Amino acid sequence: MKLPAAYRLNVAYNSGFLCTFPIPVMSSSTVPVVTENAYLTLHYRLASLDGEDIVSTFNENPATLQFGQGQLAPFLEACLLGLPEGTHQTFELTPAQAFGERSEELIQRISRATLEENSSMDEDYRVGDLVDFAAPGGGRFAGILRAIDDDGAIFDFNHPLAGQTLKFEVKIIGIL
């Protein structure tokens with residue numbers, strides 16, 4: 001039976017995101033592919049749809065990371081799973097596939113008392129500042145200050161990239 005030169009591999013992510021890409025069929029030598037416990041050396045770029053870099057290693061040293069350890073967001077790892085060494089590919093990620101849609105429920109008014117509890121005495125907030133808050137149970141979360149007055153402030157707790165379509169470019173240099 002003769003195998004086709006390539007077949008398609010689909011990797012589903014629990015949000016419904018599906019990466020589909022060709023995988024070449026090798027004859028005698030085996031090319032390593034990204035697995036759930038691989039160590040990777042790669043270049044990657046996350047950019048806005050118009051090409052503005054958010055983060056990129058392409059003009060620096062490549063990144064080395066262990067797959068599945070939270071060094072990349074799970075939806076980015078989903079794109080890499082199954083890719084062979086040497087792959088250079090760009091994925092377009094919709095907001096639902098990336099950091100989610102923007103939610104009006106995550107825009108909240110915070111009382112002046114809560115703001116002061118989470119601030120140093122000399123803090124001078126300005127619209128656009130990213131402010132860190134204590135969460136119940138000892139965690140932390142951050143919001144962007146959208147407005148402030150004598151009674152309190154309005155914060156946007158959406159991820160800064162929520163609602164944006166993004167490009168994820170990757171060049172896999174090595175896989176162990």
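Here is how the numbers come out for the structure above:
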{"quantity": "Top-ranked residue of the range 66-119 - restricted to ones that are open to solvent by less than 30 Å² (accessible area, probe 1.4 Å) and β-branched (Val, Ile, Thr), ranked as farthest from Pro136 (Cα to Cα)", "calculated": "Thr87"}
{"quantity": "Among the candidates Ala47, Ala73, Ala63, residue that is at pLDDT below 95 and small (Gly, Ala, Ser)", "calculated": "Ala73"}
{"quantity": "Count of residues meeting criterion [in contact with a Gly (Cβ under 8 Å, 6 or more places away or on another chain) and closer than 26 Å to Gly163 by Cα] in the range 107-145", "calculated": "8"}
{"quantity": "Neighbours by Cβ (under 9 Å, 6+ apart or cross-chain): first from the range 78-93, of a type in the set (Phe, Trp, Tyr); second assigned to a strand (DSSP E or B)", "calculated": "Phe91/Cys19; Phe91/Phe21; Phe91/Leu166; Phe91/Lys167; Phe91/Phe168; Phe91/Glu169; Phe91/Val170"}
{"quantity": "Qualifying residues in the range 48-65 (those that are open to solvent by 100 Å² or more (accessible area, probe 1.4 Å) and acidic (Asp, Glu)) - the one farthest from Ile172 (Cα to Cα)", "calculated": "Asp50"}
{"quantity": "Matching residues in the range 108-128 - criterion: being part of a loop (DSSP other than H, G, I, E, B) and either within 16 Å of Asn158 (Cα to Cα) or aliphatic (A, V, I, L, M) (or both)", "calculated": "Met121, Val127, Gly128"}
{"quantity": "Residue check for Gly70: touching a residue at least 12 places away in the same chain (Cβ under 8 Å) and either part of a helix (DSSP H, G or I) or not aliphatic (A, V, I, L, M) (or both)", "calculated": "no"}
{"quantity": "Any hit, the range 151-161, residues being surrounded by fewer than 18 Cβ atoms within 10 Å (Cβ to Cβ), in a strand (DSSP E or B) and not acidic (Asp, Glu)", "calculated": "yes"}
{"quantity": "Residue match in the range 129-142 (condition: open to solvent by 70 Å² or more (accessible area, probe 1.4 Å), part of a loop (DSSP other than H, G, I, E, B) and out of contact with any His (no Cβ under 9 Å at 6 or more places or on another chain))", "calculated": "no"}
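The values are calculated or read from the model by the stated rules, or taken from the named source; none is laboratory data. Note that the structure is predicted; figures quoted are calculated from it, not measured. For neighbour counting, all protein chains shown are included, and Cβ atoms are generated from backbone atoms with ideal geometry for every residue, glycine included. Surface areas here come from the heavy atoms of the whole protein model, side chains and all, with no ligands, DNA or RNA. Shrake-Rupley method; radii C 1.70, N 1.55, O 1.52, S 1.80 Å.
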